[in-house]
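Here the structure comes first, spelled out in structure tokens, and everything after it is commentary.
The values are calculated or read from the model by the stated rules, or taken from the named source; none is laboratory data. Keep in mind that what you see is a predicted model, and the values were worked out from it rather than measured. FYI the Cβ positions are ideal-geometry reconstructions off the backbone, even for glycines, and counts take in every protein chain you see.
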Amino acid sequence: MSRVTRCWLFDPVPNIKDVQEFFLPNKDFASRQYRSWIKEFHVNTKKIDQYTTHYQHILAENDKNYESYEIISLPNEKNILNDLKRTLGAIRENYNYKMAPNDTEKILFCKILRIILVMQSDEKTRLFFRYRQTMIDLLLPIYHVVWCALYNDDLDIIKIEAITKVAFCKFMKKSKHIYKIPGSPNFESRMSEIRNNYETKLREIAPSAVKILDNSQIDLLYFSKWYFLVFTQEFNFHIVIQIWNFLILHGMDKFNKELIKLCGKVLENLFLEFVGKSLTQKEIYSMMQDIKKVPIFTLFR
């Protein structure tokens, strides 16, 4: 794999010169995002120490303190690694997920795997965070910000993982996106409530785009999932993190209101030239490839 990457994630290992150079323009930016998130989530130094201790305890108690990629053998854990490879394949132009990961990628995979396994093992989170591949898309931007903001030679890397886990859980709960994961408490009733609210608001905000979707018999809720995932696969680091920041800093109800508003604006812009025209499902799905044409910065500021 080439050492040069345009991906917002990163070539993911400390103490390698070109990796540090790649991070230089991002560090100040990530630090600002990190400080605003920690303030929003009411997390202080004492709590961070408590989170880190708890995280280490869960790893040790469940024998999940993986340091070596090669020793990971359980089928469900291998599946998570394969999902990571596919996700990186989608967001990195020069990453071929069919190839065996190199040593630097193996370290990243171990860290992300540990965060996911701790969420599944921790009694405080396991009922809510049953694993789905989409969790990786949502987790990686948060891990990137925390790593970029905090990493130095003296920092225990476990602390970065612990903070990422806490920030991700708070992000999911605050956005109510957590209730969209099958297996979460009251999933069916919550999904019905979310669906009705989403469709009602989207019809108010983006009537012309919704009409196109209705005519093509496309489920509006499909675009709620699309909204979260498309940014992680189509845009670079700065845009993804600013969108996540925009969402995190809103209150619970306003978060969803703003999320739907932004989703509606994206759809309206995406379908602007097709208002009054009939499109097939195939044509609409292919238009998702044109998402980069939408002026995202002007929509979420």
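All but one of (1) touching a helix residue (DSSP H, G or I) at 6+ places or on another chain (Cβ under 6 Å); (2) modelled with pLDDT of 80 or more hold for residue 120; which doesn't?
(1)
Residues being hydrophobic (A, V, I, L, M, F, W, C) and either outside the structural domain of residue 117 (by TED's automatic domain parsing) or under 9 Å from residue 168 (Cα atoms) (or both): count how many of those fall in the stretch 131-147.
Total satisfying the criteria: 3.
With respect to the numbered conditions (1) among the β-branched types (Val, Ile, Thr); (2) farther than 21 Å from residue 145 by Cβ; (3) at pLDDT below 80; (4) assigned by TED's automatic domain parsing to the domain that holds residue 134, which one is the sole condition not fulfilled by residue 4?
(4)
Inspect the stretch 35-58 for any residue being surrounded by 14 or more Cβ atoms within 10 Å (Cβ to Cβ), farther than 25 Å from residue 125 by Cα, at pLDDT 75 or above and among the polar types (S, T, N, Q) and give the result as yes or no.
No; the residues of the stretch 35-58 include none that is surrounded by 14 or more Cβ atoms within 10 Å (Cβ to Cβ), farther than 25 Å from residue 125 by Cα, at pLDDT 75 or above and among the polar types (S, T, N, Q).
Could you list, in sequence order, the residues of the stretch 59-97 that are at pLDDT 80 or above, within 22 Å of residue 159 (Cα to Cα) and exposed (fewer than 14 other Cβ atoms within 10 Å of the Cβ)?
60, 61, 62, 63
Evaluate the following for residue 108: is it out of contact with any strand residue (DSSP E or B) (no Cβ under 9 Å at 6 or more places or on another chain) and either at pLDDT 80 or above or farther than 21 Å from residue 70 by Cβ (or both)?
no
If residue 192 satisfies all but one of (1) in contact with a helix residue (DSSP H, G or I) (Cβ under 8 Å, 6 or more places away or on another chain); (2) at pLDDT below 70; (3) in a helix (DSSP H, G or I), what's the number of the condition it fails?
Only one criterion in (1) in contact with a helix residue (DSSP H, G or I) (Cβ under 8 Å, 6 or more places away or on another chain); (2) at pLDDT below 70; (3) in a helix (DSSP H, G or I) is unmet by residue 192, namely (1).
Give the residues of the stretch 151-165 that are over 22 Å from residue 63 (Cβ atoms) and assigned to a helix (DSSP H, G or I), sorted by residue number.
163
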